[in-house]
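Visitor: This is the structure I have questions about; it appears just below.
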Amino acid sequence: MKRPVRKAILPVAGLGTRFLPATKAQPKEMLTIIDKPTIQFAVEEAIEAGITHLIFIIGRTKRSIADHFDSNPELDMLLRSKDKDALADQLNSIVPKDVACIYFRQAEALGLGHAVACAAPVIDEDEPFAVLLADDLMRADVPVLKQMIDIYDNTGRSLVAVEPVDQDKVESYGIVDADLPEVGSWGRLRGVIEKPKPADAPSNQAIVGRYILDGSIMRLLKDQKPGAGGEIQLTDAISKLVAGPGVDAYRFHGRRYDCGSKLGFIECTMASALEHPEYGQPTRALMQSLLAREM
Ligand code: G1P
């Protein structure tokens, strides 16, 4: 019997140089979409998918992430003394009591594969686990990780989320070789290449930051040599799983915002503002008046 997916790794040790100076002293994952840090979207998605152990791989300057998911008794008391109990309750429920947060420090930024391998001490060989990259912010009716766990529960095979990207963007992603004709399709992956030149790309289907991986990948990662960009790549270890127990790729339902890029971050902020129950309407009016001023 396959074990259920209960643990999720959130690699958050990256330096965030693209967002300097904002990220000089604070983690890029704490940058907010309106009033919520991007990392909280990934944490909520994981919890809604039934994850009970959140494993953060942090680095220097990332302490505020641990603080964000911890309780804050002084703030709690202050809010309650001002009759803001609902807000205090909301803050307390970001991570429910039955969900554990585990933190590993990644001393050196050696790549995504190396970051994931930092969690090896808490992952058993026969235990599947999820990986969520907070930069890829997902909006979907059914959380993307939940969609993936539902498939995994049937197949018991590792699974990566993919979406088509423009040909000139394939060099920024792990690109899979798989037949995925439409949204909702999933199927066996024949191969995967990290950041290929457009001429070498087997398709335009890019891995986005959601994975369910076989526990045995930890052993593969331990011996993984540096690949694209001189980094230890998760994709290279996944490619070895393809040759072993097999891996599926899944074209998820929903929308991904690339919050690792400034334009993607702006797009996500604008879309979230337009959908906001309180600020949606005024934002629309503001945008219209700003556009009118441009003309
Ligand atoms: C990482 C992975 C890549 C994946 C991407 C998704 O790349 O290495 O395979 O396609 O995340 O966002 P990075 O964005 O860290 O360069």
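Visitor: Might you check whether a residue that is open to solvent by 10 Å² or more (accessible area, probe 1.4 Å) and within 14 Å of the ligand (Cβ to nearest atom) occurs anywhere in the stretch 265-274?
Guide: yes
Visitor: Across the stretch 233-270, what is the total count of residues that are farther than 27 Å from Asp179 by Cα and among the aliphatic types (A, V, I, L, M)?
Guide: Of the residues in that region, 3 qualify.
Visitor: Would a scan of the stretch 146-169 turn up a residue that is away from the ligand (no atom under 14 Å from the Cβ), part of a strand (DSSP E or B) and surrounded by fewer than 16 Cβ atoms within 10 Å (Cβ to Cβ)?
Guide: For the stretch 146-169, residues away from the ligand (no atom under 14 Å from the Cβ), part of a strand (DSSP E or B) and surrounded by fewer than 16 Cβ atoms within 10 Å (Cβ to Cβ): absent.
Visitor: Condition first: open to solvent by 20 Å² or more (accessible area, probe 1.4 Å), assigned to a helix (DSSP H, G or I) and within 15 Å of the ligand (Cβ to nearest atom). Can you find one or more residues in the stretch 172-193 that meet it?
Guide: For the stretch 172-193, residues open to solvent by 20 Å² or more (accessible area, probe 1.4 Å), assigned to a helix (DSSP H, G or I) and within 15 Å of the ligand (Cβ to nearest atom): present.
Visitor: Can you tell which of Thr17, Thr61 is over 19 Å from the mean Cα position of the chain (by Cα), at pLDDT below 95, β-branched (Val, Ile, Thr) and open to solvent by 20 Å² or more (accessible area, probe 1.4 Å)?
Guide: Matching residue, one of Thr17, Thr61: Thr61.
Residue-wise test of (1) open to solvent by less than 10 Å² (accessible area, probe 1.4 Å); (2) in contact with a helix residue (DSSP H, G or I) (Cβ under 8 Å, 6 or more places away or on another chain); (3) touching a residue at least 12 places away in the same chain (Cβ under 8 Å).
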| site | (1), (2), (3) |
| --- | --- |
| Arg3 | no, no, yes |
| Arg6 | no, no, yes |
| Lys28 | no, yes, yes |
| Val43 | yes, no, yes |
| Ile57 | yes, yes, yes |
| Phe69 | no, yes, yes |
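Visitor: Take Leu221 and decide whether it is open to solvent by less than 30 Å² (accessible area, probe 1.4 Å), in a helix (DSSP H, G or I) and not β-branched (Val, Ile, Thr). So that I can check it myself, show each step before the final result.
Guide: Values: open to solvent by less than 30 Å² (accessible area, probe 1.4 Å): yes; in a helix (DSSP H, G or I): yes; not β-branched (Val, Ile, Thr): yes.
Yes, satisfied.
Visitor: When only residues in the stretch 6-30 that are hydrophobic (A, V, I, L, M, F, W, C) and out of contact with any strand residue (DSSP E or B) (no Cβ under 7 Å at 6 or more places or on another chain) count, which is nearest to Ala119 (Cα to Cα)?
Guide: Selected residue: Leu15.
Visitor: For the stretch 204-250, which residues satisfy the criterion of being at positive phi and more than 13 Å from the ligand (Cβ to nearest atom)? Even if it seems obvious, please write down each step before you answer.
Guide: At the first step, the residues of the stretch 204-250 found to be at positive phi are 229-230, 246.
Hit for the stretch 204-250 is Gly246, nothing else.
The values are calculated or read from the model by the stated rules, or taken from the named source; none is laboratory data. Source: prediction; values computed, not measured. With ideal geometry, Cβ positions are generated from the backbone for all residues, glycine too; neighbour counts draw on all protein chains shown. These accessible areas exclude ligands, DNA and RNA; they are computed on the full protein's heavy atoms, side chains included. Shrake-Rupley method; radii C 1.70, N 1.55, O 1.52, S 1.80 Å.
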